[in-house]
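Okay, so here's the structure we're looking at.
The values are calculated or read from the model by the stated rules, or taken from the named source; none is laboratory data. Keep in mind that this is a model prediction, so the values were computed, not measured. We place every Cβ from the backbone using ideal geometry, glycine too, and count neighbours over all the protein chains shown.
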Amino acid sequence: MNIILLGPPGAGKGTQAGILVKERGMVQLSTGDMLREAKDSGTDMGKRVAEVMARGELVTDEIVIGLIREKLKTVKAAGFIFDGFPRTLAQADALAELLEEEGQALDAVIEMQVDDDVLVQRIVNRAKEAAAAGQPVRADDNAESMKVRLMEYYKKTSPLIGYYYAKGDLHSIDGLGQIDEVASAIKAILG
Ligand code: B4P
């Protein structure tokens, strides 16, 4: 089973992907995590993406599609959770091609709906909790970057809702509940 978790920044895509990994043994492909790893490795690509991410903007399609292509060619799994990918129509088209090349299909796209004020609150809370625990605070977890992340989402990512609706793959859920309530809503879709 291959699924996409779609939603604005802070919707809980990574949180729910973690639950699916534990419960179903699926493999999580988080482009956010891959980009943060690239940033931490200090490669030229990592240095380029670090500034883009800190501003809250989307990294180029070329880089992100390259990361996913590499994973799909090298990782074998019973099912993939695409967490935060695709985020643009070009990425969605690329994913369709890559899955076809691998002889795989997309089973469901789960759109997590959360109000903007709650999203900002979650991200600001995560930054506060990390700082209080003496852990590193993500460079994009602040109200200023969040404004840009939300603008990027509505401009470049939200068209994917119509794209997947037209293909019959879209399932929209309320992402406002407690983490276990959202997990139950996903379970009801995936069976
Ligand atoms: P991501 O790492 O994908 O991060 P995100 O969208 O902000 O977070 P997510 O929705 O996974 O929320 P989370 O579970 O963490 O992207 C970061 C950046 O990477 C992007 O801005 C962009 O620059 C770049 N990037 C990534 N993919 C890209 C792509 N495909 N193309 C181009 N650029 C790309 O949850 C957030 C917080 O809420 C957590 O603290 C969590 O504990 C809390 N939370 C979650 N669910 C909750 C619930 N139900 N109730 C209360 N709190 C909840």
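Just a few scattered comments:
- Any hit, the stretch 34-57, residues being in contact with a strand residue (DSSP E or B) (Cβ under 7 Å, 6 or more places away or on another chain), touching a residue at least 40 places away in the same chain (Cβ under 8 Å), among the basic types (Lys, Arg) and part of a helix (DSSP H, G or I): no
- If the condition is being small (Gly, Ala, Ser) and part of a helix (DSSP H, G or I), then the stretch 1-33 contributes 14, 17, 18, 32.
- Counting residues in the stretch 111-124 that are surrounded by fewer than 12 Cβ atoms within 10 Å (Cβ to Cβ), out of contact with any Lys or Arg (no Cβ under 8 Å at 6 or more places or on another chain), at pLDDT 95 or above and within 24 Å of residue 81 (Cα to Cα) gives one or more.
- Selection from the stretch 1-53 of residues that are among the hydroxyl-bearing types (Ser, Thr, Tyr), modelled with pLDDT of 95 or more and surrounded by fewer than 22 Cβ atoms within 10 Å (Cβ to Cβ): 15, 30
- Search result, residues across the stretch 82-121 that are polar (S, T, N, Q), more than 10 Å from the ligand (Cβ to nearest atom) and more than 16 Å from residue 150 (Cβ to Cβ): 104
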